[in-house]
């Protein structure tokens with residue numbers, strides 16, 4: 001008989017009744033060696049590893065050196081010793097793959113460890129679905145000759161982590177272009193976690209990490225390919241080796257769309273709690289550097305319920321409702337149709353009312369006013385137009401700005417000039433501030449540039465002389481610069497005040513009066529800029545005079561307890577009071593209070609114990625006659641409100657009306673309708689956190705998939721404190 005030399009026969013022996021089978025020396029299990037005419041030990045070698053690691057792991061562990069390196073490192077040895085966490089995948093529920101075929105976990109008759117990672121498709125038994133990525137894999141064409149080699153190759157190619165044997169999960173080798181693995185204590189700390197099991201997909205820690213990665217993609221507007229970056233994967237492998245990062249397709253098809261729907265439902269809940277059922281809006285067109293334009297709609301409402309305010313800071317709430325790309329040649333009708341579609345989905349379908357829309361786009365405002373929707377221009381945008389016109393009206397101011405820009409640009413581009421400026425600042429004891437470069441289209445940046453130059457006047461003069469600047473500021477120009485900054489300072493303060501999160505429509509008329517008075521005072525306080533001041537005054541009259549008589553602004557000012565009728569003349573105050581009473585009667589036609597049930601029939605006169613009409617019936621008639629001569633309830637509320645003392649400017653008007661809800665419910669509801677509207681779209685601009693240089697999103701971000709959903713999540717996730 002031929003001598004058996006292979007290492008395999010230390011664990012197997014030939015079956016006495018069938019030479020095509022071998023018997024395990026440990027348990028007596030019979031294993032096929034192949035077909036007749038093609039008998040060898042290659043199949044037996046593979047079966048040996050699968051059999052030993054599955055049935056006799058103690059033998060396989062002690063015989064690694066004896067079995068040889070090639071046999072011990074076989075894929076079947078790796079697969080047989082895969083983590084026990086992968087076995088839990090057999091308990092996964094029914095799933096649906098890309099082609100919508102139902103997939104059921106395989107039954108327990110399949111003994112290969114590969115079936116812990118795949119499930120047979122019910123529609124086609126020759127195909128299986130990967131439980132990790134959902135891909136469909138064919139096992140062959142003939143149902144009677146199906147193998148598992150293709151399944152092993154799929155795991156080795158796409159999910160190599162599940163094949164790593166327990167206790168031997170080393171960090172993946174770094175590519176040639178990456179740095180060497182970290183050494184010292186950090187590497188040891190990472191190695192200490194290598195023995196733990198891999199997290200399955202539904203593990204709480206794995207779900208949390210995946211959710212945080214999806215939030216990072218949305219908040220930072222990162223592309224989905226981020227999860228394929230080598231550095232990002234190395235970082236996650238070091239921080240949490242047990243975590244398996246899903247592919248980009250999971251985030252684009254499942255994580256981000258699912259998060260979008262969850263956040264959308266979370267925002268809808270507090271939106272329903274809007275006081276008086278009115279929601280105001282800010283809308284605008286955002287333009288990119290590559291002529292991509294996006295229409296945005298942001299909601300603003302008031303709520304007095306603390307549970308409906310995630311941040312619990314004040315009574316003002318806001319949320320971005322939608323973003324949509326529009327054509328460069330958009331028409332007013334298309335914009336109005338898009339806005340009406342959003343209002344139907346978010347507001348009117350739930351019983352809420354569309355309030356006032358604030359916009360800096362004249363075409364949007366005109367379209368909404370023509371379509372019976374209330375719209376007002378952005379106050380900050382109007383102030384920008386007024387100041388820009390005034391600056392351009394005087395040539396001396398334009399020349400001053402041009403010289404200042406050249407000096408700041410020269411310092412910014414010269415390291416030697418920067419170093420010299422820092423040295424002069426230390427010598428003169430000036431603040432160590434850099435010079436600012438303005439954006440010519442934004443007057444506020446020019447104002448800050450001139451302010452910084454005035455602050456560093458001594459250092460700038462010395463620097464210009466030592467560095468031989470061709471642009472030098474004369475004494476007269478410094479005087480004009482001082483006057484320009486003095487004239488623009490109240491407008492900068494007004495823009496800042498009206499752009500606050502808690503600013504309301506009621507502050508517009510008081511601010512117009514303040515700016516008008518301030519411009520008149522500037523004629524005596526400044527020198528050399530009379531042309532600019534006259535242009536300021538004329539622009540304010542042309543652009544803001546209509547606002548002073550707009551009923552929406554008038555009623556908002558009257559209903560603000562900080563102002564009331566103090567800014568109106570006696571005739572205007574009386575007219576405003578009558579308008580407020582009529583508006584209140586329109587809002588609540590039933591002004592008489594509802595009687596409290598007392599058990600008696602309404603209108604029946606009081607009777608004594610004998611059933612006859614009591615003398616107290618006369619008192620009831622007297623009361624009824626007195627009630628008929630008293631003013632109506634809306635007038636009572638208005639008069640009582642106007643008789644109270646005016647509050648300080650630092651007080652919150654919405655907090656005042658929250659306390660007055662019980663005493664004057666109708667008047668409080670009417671006040672909320674006007675005080676909940678912001679006067680500017682700047683708070684909405686801050687939500688987007690756009691770059692200050694151009695106010696638009698970068699082109700690389702605009703080309704991303706699901707940009708609208710990502711910007712929706714970027715804005716709203718912080719507003720709801722990431723509670724979704």
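The values are calculated or read from the model by the stated rules, or taken from the named source; none is laboratory data. Just so we're clear, the structure is a prediction, and the values are computed from it rather than from any experiment. Methodologically, a virtual Cβ is constructed for each residue, glycine included, from the backbone with ideal geometry; neighbour enumeration extends over all protein chains shown.
Taking the range 477-496 as the range and being more than 19 Å from residue 456 (Cβ to Cβ) and surrounded by fewer than 17 Cβ atoms within 10 Å (Cβ to Cβ) as the test, the residues that pass are 493, 496. Among the candidates 534, 582, the residue that is at pLDDT 55 or above and not assigned by TED's automatic domain parsing to the domain that holds residue 667 is uniquely 534.
When residue 283 is tested against (1) within 21 Å of residue 363 (Cβ to Cβ); (2) free of Cβ contacts under 8 Å to residues at least 40 places away in the same chain, just one condition goes unmet, and that condition is (2). For residue 138, indicate whether it is in contact with a helix residue (DSSP H, G or I) (Cβ under 9 Å, 6 or more places away or on another chain), surrounded by fewer than 19 Cβ atoms within 10 Å (Cβ to Cβ) and farther than 28 Å from residue 255 by Cβ. Criteria met by residue 138. When 469, 447 are checked against the criterion of being surrounded by 16 or more Cβ atoms within 10 Å (Cβ to Cβ) and more than 42 Å from the chain's Cα centre (by Cα), a single residue qualifies: 469. Criterion first (assigned to a helix (DSSP H, G or I) and either modelled with pLDDT under 90 or in contact with a strand residue (DSSP E or B) (Cβ under 8 Å, 6 or more places away or on another chain) (or both)) does residue 700 satisfy it? Spelling it out, residue 700 is indeed assigned to a helix (DSSP H, G or I) and either modelled with pLDDT under 90 or in contact with a strand residue (DSSP E or B) (Cβ under 8 Å, 6 or more places away or on another chain) (or both). Only one of (1) on the phi > 0 side of the Ramachandran plot; (2) touching a helix residue (DSSP H, G or I) at 6+ places or on another chain (Cβ under 9 Å) is not met by residue 366, so which one is it? Among (1) on the phi > 0 side of the Ramachandran plot; (2) touching a helix residue (DSSP H, G or I) at 6+ places or on another chain (Cβ under 9 Å), the lone unmet condition for residue 366 is (1).
Residues checked against (1) more than 18 Å from the chain's Cα centre (by Cα); (2) free of Cβ contacts under 8 Å to residues at least 24 places away in the same chain; (3) within 15 Å of residue 719 (Cα to Cα):
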site: 294; (1), (2), (3): no, no, no
site: 305; (1), (2), (3): yes, no, no
site: 328; (1), (2), (3): yes, no, no
site: 332; (1), (2), (3): yes, no, no
site: 336; (1), (2), (3): yes, no, no
site: 344; (1), (2), (3): yes, yes, no
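Evaluating residue 462 against the criteria (1) surrounded by 15 or more Cβ atoms within 10 Å (Cβ to Cβ); (2) touching a residue at least 40 places away in the same chain (Cβ under 8 Å); (3) over 46 Å from the mean Cα position of the chain (by Cα) leaves one unmet condition, (2). Whether a residue is buried (at least 18 other Cβ atoms within 10 Å of the Cβ) and under 22 Å from residue 649 (Cα atoms) was assessed, and residue 533 does not pass this test. A single entry from 241, 257 fulfils the requirement of being outside the structural domain of residue 670 (by TED's automatic domain parsing), at pLDDT 90 or above, on the phi < 0 side of the Ramachandran plot and not in a helix (DSSP H, G or I): 241. Just one of the listed residues (350, 367) is surrounded by 17 or more Cβ atoms within 10 Å (Cβ to Cβ) and either assigned by TED's automatic domain parsing to the domain that holds residue 321 or farther than 21 Å from residue 492 by Cα (or both), namely 367. The residues in the range 395-444 that are under 27 Å from residue 383 (Cα atoms), assigned to a loop (DSSP other than H, G, I, E, B) and over 40 Å from the mean Cα position of the chain (by Cα) can be counted, and the count is 0.
The criterion of being out of contact with any helix residue (DSSP H, G or I) (no Cβ under 6 Å at 6 or more places or on another chain), modelled with pLDDT under 90 and part of a helix (DSSP H, G or I) does not hold for residue 249.
When residues in the range 546-567 are screened for being outside any loop (DSSP other than H, G, I, E, B) and surrounded by 20 or more Cβ atoms within 10 Å (Cβ to Cβ), 6 of them pass. Restricted to the range 275-297, and to residues there that are surrounded by fewer than 17 Cβ atoms within 10 Å (Cβ to Cβ) and not in a strand (DSSP E or B), the residue that is modelled with the highest pLDDT is 291. Of the helices (runs of 4 or more DSSP H) lying entirely inside the range 447-528, those containing at least 1 residues that are modelled with pLDDT of 95 or more and farther than 25 Å from residue 432 by Cβ span 475-498, 508-525.
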